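This report concerns only the one structure given below.
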Amino acid sequence: MDKEFRIIPENEPERQYYFIELAKKLREEKENETGRPLTYHVTTFGCQMNARDSEKLTGILEAIGYTCEEKEEEADFVIFNTCTIRDNADQKVYGRLGYLHGKKNRDRKRVIALCGCMMQEKSAVEKIKKSYPFVNIIFGTHNIYKLAELICSACQFEDTMVIDIQDGSNEIVEDIPSLRKYPFKSGVNIMFGCNNFCTYCIVPYVRGRERSREPEAVIREIEKLARDGVKEVMLLGQNVNSYGKGLLRNISFAELLKEVEKVPGIERIRFMTSHPKDLSDELIEVMSSSDKICRHLHLPLQSGSTRILERMNRRYTKEQYLELALKIREKIPDIAITTDIIIGFPGETAEDVDDTLDVIEKVRFDGAFTFIYSKRKNTPAEKMPDQVPRDLAQQQFDRVLSKVQETAREMAGKRTGKTEKVLVEEKSDHSEGFVSGRLSSNLVVHFRGDESLIGQIVNVRLDSCKNFYYIGERV
Ligand code: SAH
Ligand code: SF4
Ligand code: F3S
C-alpha cells in the first residue's frame, strides 16, 4: 500500500513511529523552502525526571531529523520542558517566553512548544492562552512520547494553538527514542507519579498516581544502555522506596537494585529520591554489601519538627528520622547523606526551626537543598490559616542555610588525602588542562587530565577541599 494512505497504527509506540516519518517529510518540505536545516533547542527546568523526559523529546526531534542548535533564540523549534514545584519555577518560564518572543527569528517563524509539569495546571494553560498566544503547542507530562504527532498537528493548523493535556495516565509507553546528554551515564525511570500527597506539594497533581515500570522493562533498558557504553545509571522515581506496588510480580526496590547490579558493564548505580517513611532495612543491607551502589543517599527531611512534619503529612517524626539516618551512618560508614529542607511552612515557629537545626547538627548532612515554602494552588497547605510572612521565613532560612553549609563543609573535608574512584564527566571549568568528575558520594573533584579520560573511572587523590568540591591528582 502507498505510504501516504497507510492506516495510522493504533498501538503506541508504532503509532508514534508513523508520525515521526510524517514529521520527517514535513521537515524536508520546509527545509526545501529556505535551503537550510531546521533547528531545535530543548530548555529544561526542574528535576531529574524532567531532564530524562527532555532526553526523550530530543530523541524524537533527532529521529525527525531536526538539527540541534545550542542557542535557544536561534532555533526554529524551541521546547520548554517546565517545572512548577515553586512559584519561581513558573516565573522563570514566563520570563523566558517573553524574552524569546522579543527576539525575532532569521527567515522563518519560530515554533514554540511548552510541556512538562506546569502545563498540567489548568490556570497556567489559561494564562498562556491569554497572554502568550504565539505559543504553538502545549502538552503535559503524560504524553511526552506524542511529540511527533503534535508537531504534525501544528503543521496542519498553523495559526492554532495545539493543546493536548491528559489528566492522568496508567499507560507507560516503552521504546520511544531518546538521546542521552552524556554517553557514559543515564537516568532510568523506574516509576512515575506520586501517591504521598505531602500537603505543600504539587507533584501528585501534575505527575499523577504512582506507577512502577515492570522490572523486566527496566533491566532491558539498562542492558541496552550498558551495551551503548553507559557505566552509571540513576534510577528515578519520586519515592523509589515504594517501587513495585501494583506490579504482577512481587518485587521490592532492594530486589530491583540487586538485579541492576548483575547487568554487565554497569559499574555505578545511583537512585533518587528516597522517602524516609519507606526506607527498609533490606535496602540498607543491599547498599552496604554492594560495591556498585554509590555511597550517597538523598533523604529529604523537609522539617525537623514533628508538629510540622505532621502538618506536612510526611508520616514520620523527628525521632524516627534521626534513628533512621543514624542507623544508615552506622551501617554504611562512608555514606554521604543529603537532604531537602523547607522553611516557612504554614505555622512554623522559631522553635520548630530549632528542631530542624538540631537534626542537621546530629545527622551532619553532606549537603542540603533549602527552600522557602511556596504556596501551590489546590494543595492542602495553601488553605492553612497561619501562613508565614516572607521576611520571617527569610530570617529562619538564613539560620538553616548557614548550619547546613557548616556540616557540608565539615563532611566534605573529611576525605582530604584519601584516594577515591572518580567517574570523569567533563572538561573542568576550574583551570585549563583540568577535567572534573564525581566521587561515589557525588562530590565533585577537579584534577589535571585531558579530555580522553571523559567517561572513564580513575583513581584520584583528594588533595585539597574547597568547601564543597576537591582539587585532586590522578594516581
Ligand atoms: N519526591 C521527592 C521530592 C520532589 S520535589 C521527595 O519527596 O523527596 C523536591 C523538593 O522540593 C522537595 O523535597 C521539597 O523540599 C521541595 N518542595 C516541594 N514543594 C515545595 C513547595 N511548595 N515549596 C517549597 N519547596 C517545595
Ligand atoms: Fe511531593 Fe511528597 Fe511526593 Fe515528594 S513524596 S513528590 S514531596 S508529594
Ligand atoms: Fe518540577 Fe515536575 Fe520535577 S514540578 S521538580 S519538574 S516532577
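What single numbered condition from (1) crowded, with 20+ Cβ neighbours inside 10 Å; (2) farther than 23 Å from LYS231 by Cα; (3) touching a Lys or Arg at 6+ places or on another chain (Cβ under 6 Å) fails to hold for VAL404?
Result: VAL404 passes all but (3).
Within the stretch 182-199, how many residues are away from ligand 3 (no atom under 16 Å from the Cβ) and open to solvent by 30 Å² or more (accessible area, probe 1.4 Å)?
Summing the residues that are away from ligand 3 (no atom under 16 Å from the Cβ) and open to solvent by 30 Å² or more (accessible area, probe 1.4 Å) in the stretch 182-199 gives 3.
Can you tell me which residue in the stretch 16-75 is nearest to ILE190 (Cα to Cα), limited to those that are of a type in the set (Phe, Trp, Tyr) and touching a strand residue (DSSP E or B) at 6+ places or on another chain (Cβ under 6 Å)?
For the stretch 16-75, the residue satisfying everything is PHE45.
Please give the number of the condition GLN320 fails out of (1) part of a helix (DSSP H, G or I); (2) crowded, with 19+ Cβ neighbours inside 10 Å; (3) of a type in the set (S, T, N, Q).
Status for GLN320: all satisfied but (2).
Taking the stretch 272-285 only, how many residues are open to solvent by less than 10 Å² (accessible area, probe 1.4 Å) and under 18 Å from GLY187 (Cα atoms)?
Result for the stretch 272-285: 1.
In the stretch 248-271, what count of residues is obtained for those that are surrounded by fewer than 21 Cβ atoms within 10 Å (Cβ to Cβ) and either aromatic (Phe, Trp, Tyr) or modelled with pLDDT under 95 (or both)?
Of the residues in that region, 3 qualify.
Considering only the stretch 31-65, how many residues are more than 16 Å from ligand 3 (Cβ to nearest atom) and open to solvent by less than 60 Å² (accessible area, probe 1.4 Å)?
Summing the residues that are more than 16 Å from ligand 3 (Cβ to nearest atom) and open to solvent by less than 60 Å² (accessible area, probe 1.4 Å) in the stretch 31-65 gives 14.
Considering only the stretch 339-357, I want to know if a residue exists there that is surrounded by 14 or more Cβ atoms within 10 Å (Cβ to Cβ) and on the phi > 0 side of the Ramachandran plot.
Yes, the stretch 339-357 has at least one match.
Can you tell which of ILE284, ILE337 is closer than 18 Å to PHE369 by Cα and of a type in the set (A, V, I, L, M)?
ILE337
Name every residue in the stretch 443-456 that is surrounded by fewer than 16 Cβ atoms within 10 Å (Cβ to Cβ) and within 24 Å of the chain's Cα centre (by Cα), in order of residue number.
GLN456 - this is the single residue of the stretch 443-456 that is surrounded by fewer than 16 Cβ atoms within 10 Å (Cβ to Cβ) and within 24 Å of the chain's Cα centre (by Cα).
A quick yes/no check of all residues on (1) among the hydrophobic types (A, V, I, L, M, F, W, C); (2) in contact (Cβ under 8 Å) with a residue 12 or more places away in the chain; (3) closer than 30 Å to PRO9 by Cβ; (4) open to solvent by 20 Å² or more (accessible area, probe 1.4 Å):
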residue: ARG108; (1), (2), (3), (4): no, yes, no, yes
residue: GLU121; (1), (2), (3), (4): no, yes, no, yes
residue: LYS130; (1), (2), (3), (4): no, no, no, yes
residue: VAL135; (1), (2), (3), (4): yes, yes, yes, no
residue: ILE144; (1), (2), (3), (4): yes, yes, yes, no
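Show the residue pairs that are 6+ apart or on different chains and have beta-carbon atoms under 8 Å apart, the first residue being within the stretch 335-350 and under 29 Å from SER288 (Cα atoms), the second being among the acidic types (Asp, Glu) and away from ligand 3 (no atom under 16 Å from the Cβ).
Note: pairs meeting the criteria are ALA336/ASP366; ILE337/ASP366; THR338/ASP366.
Quick check, is ARG390 out of contact with any Pro (no Cβ under 7 Å at 6 or more places or on another chain), open to solvent by less than 80 Å² (accessible area, probe 1.4 Å), among the charged types (D, E, K, R) and farther than 15 Å from SER305 by Cβ?
Spelling it out, it is not the case that ARG390 is out of contact with any Pro (no Cβ under 7 Å at 6 or more places or on another chain), open to solvent by less than 80 Å² (accessible area, probe 1.4 Å), among the charged types (D, E, K, R) and farther than 15 Å from SER305 by Cβ.
Somewhere in the stretch 94-104, is a residue out of contact with any Lys or Arg (no Cβ under 8 Å at 6 or more places or on another chain), charged (D, E, K, R) and within 16 Å of ligand 3 (Cβ to nearest atom)?
So far as the stretch 94-104 goes, yes, one or more of its residues are out of contact with any Lys or Arg (no Cβ under 8 Å at 6 or more places or on another chain), charged (D, E, K, R) and within 16 Å of ligand 3 (Cβ to nearest atom).
Answer yes if at least one residue in the stretch 175-195 is farther than 30 Å from LEU309 by Cβ and either of a type in the set (Gly, Ala, Ser) or in a helix (DSSP H, G or I) (or both), and no otherwise.
yes
Being within 14 Å of ligand 1 (Cβ to nearest atom), in contact (Cβ under 8 Å) with a residue 60 or more places away in the chain and open to solvent by less than 30 Å² (accessible area, probe 1.4 Å) is the filter here, so list the residues in the stretch 200-247 that pass it.
TYR200, CYS201, ILE202, VAL203, VAL206, ARG207, GLY208, LEU236
Identify all residues within the stretch 419-433 that are surrounded by fewer than 17 Cβ atoms within 10 Å (Cβ to Cβ) and either in contact with a Pro (Cβ under 7 Å, 6 or more places away or on another chain) or on the phi < 0 side of the Ramachandran plot (or both); write none if there are none.
THR419, LYS421, GLU426, LYS427, ASP429, HIS430, SER431, GLU432 - these are the residues of the stretch 419-433 that are surrounded by fewer than 17 Cβ atoms within 10 Å (Cβ to Cβ) and either in contact with a Pro (Cβ under 7 Å, 6 or more places away or on another chain) or on the phi < 0 side of the Ramachandran plot (or both).
Return the residues of the stretch 160-179 that are closer than 21 Å to ALA113 by Cβ and surrounded by 15 or more Cβ atoms within 10 Å (Cβ to Cβ); say none if nothing qualifies.
Across the stretch 160-179, the qualifying residues are MET161, VAL162, ILE163, ASP164, ILE165, SER169, VAL173, ILE176, PRO177, SER178, LEU179.
The values are calculated or read from the model by the stated rules, or taken from the named source; none is laboratory data. Note that the coordinates shown come from a computational prediction; the quantities given were computed from them, not determined experimentally. Methodologically, a virtual Cβ is constructed for each residue, glycine included, from the backbone with ideal geometry; neighbour enumeration extends over all protein chains shown. All accessible areas refer to the heavy atoms of the entire protein, side chains included, with ligands and DNA or RNA removed. Shrake-Rupley method; radii C 1.70, N 1.55, O 1.52, S 1.80 Å.
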